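The values are calculated or read from the model by the stated rules, or taken from the named source; none is laboratory data. As the structure is a prediction and not an experimental result, all values here were calculated from the model. Cβ placement follows ideal geometry from the backbone for every residue including glycine, while neighbour counts extend to all protein chains displayed.
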Amino acid sequence: MNKEIILTGDRPTGKLHLGHFIGSLKSRVELQDKYNQYIMIADVQALTDNFENPQKVRDNVLELTLDYLSVGIDPSKTTIFVQSLIPAIAELTVFYLNLVTVARLERNPTVKSELKLRKFSGGIPAGFLTYPVSQAADITAFGAHYVPAGEDQAPMIEQACEIVRKFNLVYGETLVEPKIILSKTPRLVGTDGKNKMSKSLGNTIFLSDSADEIEKKVMSMYTDPNHLNINDPGNTKNNPVFIYLDAFGKDKEKIAAMKAHYEKGGLGDVKVKRYLNEVLQEMLAPIREKREELSQNKEYIYKILSDGTEKAEKITSQTLAKVKKAMKIEYKEINNIK
Ligand code: TRP
């Protein structure tokens, strides 16, 4: 009955794509049977670098929920909730801010690389610089034992652990130190073969793409640039079409045979792409259909989010009470509201 707790989350800034599917969604579907899983829609964190685009963030709360449910995240096993509806997270963030230095935040490698990409023109927003503290609050509010995430999130978990240790040292043993469950799959390359799949680079295949969009994207994918004639030997290693076949294809024998043929020469790109298109169409059709169906029933989606948020509220307010007690700011005698 007492399953360990895991917490993960996504910023609601866009629909989810094949990179998310292979990197996190599939494992979440497995993890929900073994753990008590919470998935957070990190709207507050999304606003740290999208504060001028509130509508985008709001719209994507619904899109993310649809993506989760359509791939098989089951709301009877996984609690899905919205970050901004959990006040305890904001309160914990304020307390934890005392336990980190500005210099330490500036050294966080994830923050550093994101700052390079974002190029905030009017200076670094304090909310952005300190979002790792807020993420530590997300994790510890639930007493999460594990955080399943990609390599890019490792510095976030490390910083959360430092905050936990500092808190427990100063105020007494209160918070749980989380561990990362590193994603087994490396970052999926985009259809352009140059970069990781990312919506800002326009090299994505979304879970919600139509059959036509998928076909168009697959047929215009980058392959081996040196494979000019069908009979030339081709490279399958850095070739996104084969990388996708390895990631999503079920018929491993057929794929191995195609690879050997391509490497030897004599197998054309169009044939390989047609097969990849088949594989992806078969995999994505049921997801898209379920997504379509769910999107017709918004009441159901909102009910899932409100039930999830209610559950998250309960567990996080318990943590907050413990934290306040440890910090000697519970004031029971002054305040009869809990
Ligand atoms: N930073 C994560 C991302 O950009 C999203 C996130 C917010 C998160 N809070 C979290 C992930 C807590 C894991 C745990 O993808």
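Residue by residue through region 48-60, note down the ones that are in a helix (DSSP H, G or I) and touching a residue at least 60 places away in the same chain (Cβ under 8 Å). I'd like the intermediate steps shown before the answer.
So in region 48-60, the residues in a helix (DSSP H, G or I) come out as 48-50, 54-60.
Hits for region 48-60 are Thr48, Asp49.
I'm told Lys26 meets every condition in (1) out of contact with any strand residue (DSSP E or B) (no Cβ under 9 Å at 6 or more places or on another chain); (2) within 21 Å of Lys303 (Cβ to Cβ); (3) among the basic types (Lys, Arg) except one. Can you identify the failing condition by its number?
With respect to (1) out of contact with any strand residue (DSSP E or B) (no Cβ under 9 Å at 6 or more places or on another chain); (2) within 21 Å of Lys303 (Cβ to Cβ); (3) among the basic types (Lys, Arg), Lys26 is out only on (2).
Test of understanding: among Lys314, Lys259, Lys254, Lys303, which residue is charged (D, E, K, R), free of Cβ contacts under 8 Å to residues at least 24 places away in the same chain, within 30 Å of Gly72 (Cα to Cα) and outside the structural domain of Asp74 (by TED's automatic domain parsing)? Reasoning before the result, please.
On the way: Lys314 fails: outside the structural domain of Asp74 (by TED's automatic domain parsing); Lys259 fails: within 30 Å of Gly72 (Cα to Cα); Lys303 fails: outside the structural domain of Asp74 (by TED's automatic domain parsing).
Matching residue, one of Lys314, Lys259, Lys254, Lys303: Lys254.
Under 6 Å between Cβ atoms, at least 6 apart or on separate chains: pull out the pairs that start in region 116-131 with a residue that is in the same structural domain as Tyr96 (by TED's automatic domain parsing) and end on any residue that is within 14 Å of the ligand (Cβ to nearest atom).
Pairs found: Arg118/Asp49; Gly127/Thr48; Phe128/Thr48; Phe128/Asp49; Tyr131/Gln45; Tyr131/Thr48.
Mind listing whichever residues of region 165-214 are assigned by TED's automatic domain parsing to the domain that holds Gln153 and on the phi > 0 side of the Ramachandran plot?
Gly172, the sole residue that qualifies.
Tally up the residues in region 160-175 that are free of Cβ contacts under 8 Å to residues at least 40 places away in the same chain and within 22 Å of Tyr38 (Cα to Cα), please.
Step one: filter region 160-175 for residues free of Cβ contacts under 8 Å to residues at least 40 places away in the same chain, giving 160-161, 164-165, 168-169, 173.
Next, from what is left, pick out any that are within 22 Å of Tyr38 (Cα to Cα): 160-161, 164.
Going through region 160-175 one residue at a time, the tally reaches 3.
If you scan region 69-109, which residues turn out to be among the basic types (Lys, Arg) and within 21 Å of Ser24 (Cα to Cα)?
In the first step, residues of region 69-109 are kept if they are among the basic types (Lys, Arg); the result is 77, 104, 107.
Listed by number, the list holds a single entry, Lys77.
Look through Leu117, Leu85 and report the one residue that is surrounded by 15 or more Cβ atoms within 10 Å (Cβ to Cβ), among the hydrophobic types (A, V, I, L, M, F, W, C) and more than 10 Å from the ligand (Cβ to nearest atom).
Numbers: Leu117 fails: surrounded by 15 or more Cβ atoms within 10 Å (Cβ to Cβ).
Selected residue: Leu85, the only one of Leu117, Leu85 that is surrounded by 15 or more Cβ atoms within 10 Å (Cβ to Cβ), among the hydrophobic types (A, V, I, L, M, F, W, C) and more than 10 Å from the ligand (Cβ to nearest atom).
Return a yes/no flag: does region 62-79 have any residue that is more than 25 Å from Glu293 (Cβ to Cβ) and not basic (Lys, Arg). Break it down stepwise before answering.
Taking region 62-79 and keeping what is more than 25 Å from Glu293 (Cβ to Cβ), we get none.
Within region 62-79 (the criterion being more than 25 Å from Glu293 (Cβ to Cβ) and not basic (Lys, Arg)), the answer is no, since none of the residues qualifies.
Within region 219-237, identify whether any single residue is under 31 Å from the mean Cα position of the chain (by Cα), touching a residue at least 12 places away in the same chain (Cβ under 8 Å) and in a helix (DSSP H, G or I), and answer yes or no.
For region 219-237, residues under 31 Å from the mean Cα position of the chain (by Cα), touching a residue at least 12 places away in the same chain (Cβ under 8 Å) and in a helix (DSSP H, G or I): present.
Specify which of the listed residues (Gln32, Gln45) is near the ligand (Cβ under 10 Å from one of its atoms) and in a helix (DSSP H, G or I). Can you show your working first?
Values: Gln32 fails: near the ligand (Cβ under 10 Å from one of its atoms).
Of the residues listed, the single one that is near the ligand (Cβ under 10 Å from one of its atoms) and in a helix (DSSP H, G or I) is Gln45.
Within region 36-71, which residues are buried (at least 24 other Cβ atoms within 10 Å of the Cβ) and small (Gly, Ala, Ser)?
Hits for region 36-71 are Ala42, Ala46.
Which one is nearest to Leu92 (Cα to Cα) among residues in region 133-159 that are polar (S, T, N, Q) and more than 8 Å from the ligand (Cβ to nearest atom)? Steps first, please.
Going residue by residue through region 133-159, those that are polar (S, T, N, Q) are 134-135, 140, 153, 159.
Remaining after also requiring more than 8 Å from the ligand (Cβ to nearest atom): 140, 159.
Details: Thr140: 9, Gln159: 15 Å.
Among those that are polar (S, T, N, Q) and more than 8 Å from the ligand (Cβ to nearest atom), it is Thr140.
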